[in-house]
Amino acid sequence: MADNVTSLFRSTAAHSPSMAALTREGGDEAGPVDFCIPCNPYFPTPQMFDDMSARLRDIITYYPSSADTITAELCSLLQLPPQAVAMGNGSTELITWIDHLLVRESLAVPVPTFGRWTDQPMETGKRVDMFPLQESSGFALDLAQYAEFIRARGTRVAVICNPNNPDGGFLHKHAIVQFMDAMADLDLVIIDESFLEFADAEVEPSVVQEAMLRPNVIVLRSLGKNFGLHGIRFGYLVANPALAGRVRSMLPKWNLNSFAEHVVFMLKEHGAEYAQSLMQVRRDRLDMSSQLSSLPGLTVYPSQGNFLFVRLPVGAEGTVVRDRMLTEHRILVRECGNKIGSSSRFLRLVVRPQVDVRRLVSGLEQVLYGTRRGAAVPELNNGNNYSSGTAAVDRLVGATNGAGFQGLAAQAQSMGGGVPMPAPAPVPAPAPMPAAAQVFPQSVPTPMPAPMPAPMPAAAAAMSPVPSPMQMPLQMPMGAPMGAPVPVAPAAATAPQMAPAMAAPAAGPMGGPGGQTPPGVPARGGLTAAQVRGTNGLSPAATTGWPNAQNWPNPAGMGQAG
C-alpha cells in the first residue's frame, strides 16, 4: 500500500497528488495531516460547514446565479467597484485567460514561484524570461535588478508574486508601486497577491487601488486559500475597467459554481471569525518557524505567507523525506524539486495549529536523524528510477531560451528579439550578505507620478534595497549557493547606474521603437490613468461593516496588522 501511495508522486510532474487520490490509495477514510496544500485551517468555522451541509441538496441541484451577481456581492464586501473586478473559477483560470488575451510575446517572472506563471506561457509558445532568486540572499527579490533584467531582455510582461510562493518573500507596497510606474511602458504588470491576507509586515500591503488607476496593471487575488476552500475554485482580479472587462467578457456566464455563490453570500455574517482566523495563522507561523529552527541543519526562511520554505540538512534528499513522512507518519509535505529555481533539498510546509506542528517536528526528527539527532538521511540512491527535480524542464528552457517550443527562440532572435539568456539564466546576482534581508527598499520612497512619463533615476535609487529586521532568517543558510558560480554584482546600484537599465528601450520584434508601447500611451487599448480617474463608476461601494469599517477587507487589503 505504501508503494502505491508514493508512486502517485512519480506520476505527477506539476504538483503533489490530490488529497482525494492519496486517500483512495491509502485505503483510509481520513487523509494524512496536510502540510502541503496552503489553505487557512481556521476558516470556514464548524458552524459554516454545518450550514453548507444542511443546504447541500439545494446547492448542488440548482444552477448558480450569473457571475455578475456573485461578483457584485463580493465587491460590496470588499468595497471595490464591480467593473474593475473579474471573478474566475480559481486563480489558474484567470492566469490562463491573462496569458491568452494579454501576453503577446514574452513574460518575465522571478523563480522559484507558482508553477503556472512559468508553465502556462510556455505552453502557448511565449518566451518566459526567468529571473533566478539567489539562495545566498535568502531568495529575496531585488526589484532594481529585476527591472534591469527586464530591460535587458526586452520583456513585455512582468510578474511579481507578493508574498512569493514557495519562499514567502515579501515586498512593501511603496516599492511595488514604484516598480509599476517604472514599468509603465510594458504591455502588462501582474501582481499576484494570492497569499497577501496572511501577511502582517504592513497594515495595508495591497496595491489594488493603485492598479485600478493604471492602464497596464492587474492584481490577482485568491479566495480558496484565504477561506480554506481550495475545492470550490474561486478567485478574482482587480484592474482598470478596460482590462478587467476584457477578461470578464471572455469568461463563461456560469463559470462560478453554486458553492462559490453560497460562500460569498454568507461571508458578510462571518467577517469577525475570518479576521480572527488570519490573526491565528500569523501567530502559528511564528511558533512553527521557531520549532522548525530548533532542528539541526534545517534552514527556515522568513515568510509572510501561510507556509514556510525550509532547506533540509546536507545529505537529505527531499523525495525520500517526503515519502517516509507520508508512509511512516501519515504527514503530507510539499517537496519542491519540481519547481524551477528550486531543488529536492527544499520543502514548503504549510502553517498549521501547534498540535499538528509538534507531530511534524517529531516525524522530521525521526526521518532526518533516526535515534541520533545529528545523522541526516542518505542521498537518494541511484537504484530509484524517478526524480522530482527539474532536469526535463531545465533542458527545455535551455534548448528553447525559455520559449517553450523548439525553434521559437532562434526565430525570435532572427527577428530582432532581445538579448539571448543562457540557461539556466546566469544573470548578475546580489552579493552574499550576513542577512537575507535585501527585500525591503528604503522606507521613504521617492514620489513618482502615476503613470510616469519616463522612468526616472530617482525611482531606481529609491528601489535600492536596505536590510530590515523583518527579513532576518531564523537560521542562516549553510554552504555555497545552489548551482554554478555566477558573476556577483554590487548589492545596491546608484541612481545613475540604474536609470538607463530601467528607462532604456530594448529592441524587439513587435510594436514601435524597440517593440515597446510608448510611455503614457494606453497599453493594449486600455484607459489612461486620467481617464480612469474620471470614470464615474469607480466610486467605492458602500461600506457593509464586514467585519467592520476599520477592519479587513477594504480596498487596500487588511485594516490591521494583527
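FYI, it's all coordinate maths here, none of it is from the lab. These numbers were taken from a predicted model, which means no experiment stands behind them. Neighbour counts are summed over all protein chains in view; Cβ atoms, including those assigned to glycine, are modelled from backbone coordinates with ideal geometry.
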Inter-part distance where the stretch 121-173 and the stretch 37-97 are each reduced to a Cα centre, Å: 30 Å
Cβ-Cβ FRET estimate between Val361 and Gln47, R0 fixed at 35 Å, reported to 0.05: 0.65
In Å, descending, principal axis extents of the Cα set of the stretch 86-242: 40, 33, 30
The stretch 113-199, Rg to Rh (Cα coordinates; Rh as Kirkwood inverse mean 1/r): 0.93
Cα-Cα P(r), the stretch 206-318, percent of pairs per 10 Å interval: 11, 27, 30, 21, 10, 1
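If you stretched the chain out fully between Ser294 and Arg104, how much longer would it get, using 0.36 nm times the residue separation minus the C-alpha to C-alpha distance?
Here the answer is 63.6 nm.
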Sorted largest first, extent of the stretch 33-137 alpha carbons per principal axis (Å): 49, 38, 28
Part-to-part distance (alpha-carbon centres) for the stretch 267-335 and the stretch 239-256, which is given in Å: 35 Å
Inter-label distance, nm, simple model (7 Å from Cα along the C-beta direction), Val203/Asp287: 2.8 nm
Cβ crowding within 10 Å averaged over residues, with 326-332, 161-167 ranked highest first: 161-167, 326-332
Peptides 104-110, 316-322 ordered by average Cβ neighbours within 10 Å, highest first: 104-110, 316-322
Qualifying lysines (Cα of each under 28 Å from Cα of Lys339; at least 8 residues distant if same chain): Lys126, Lys173, Lys225
Per principal axis, descending, Cα span of the stretch 190-271 in whole Å: 36, 33, 20
Antiparallel content of DSSP bridges confined to the stretch 155-301, in %, to 5: 35 percent
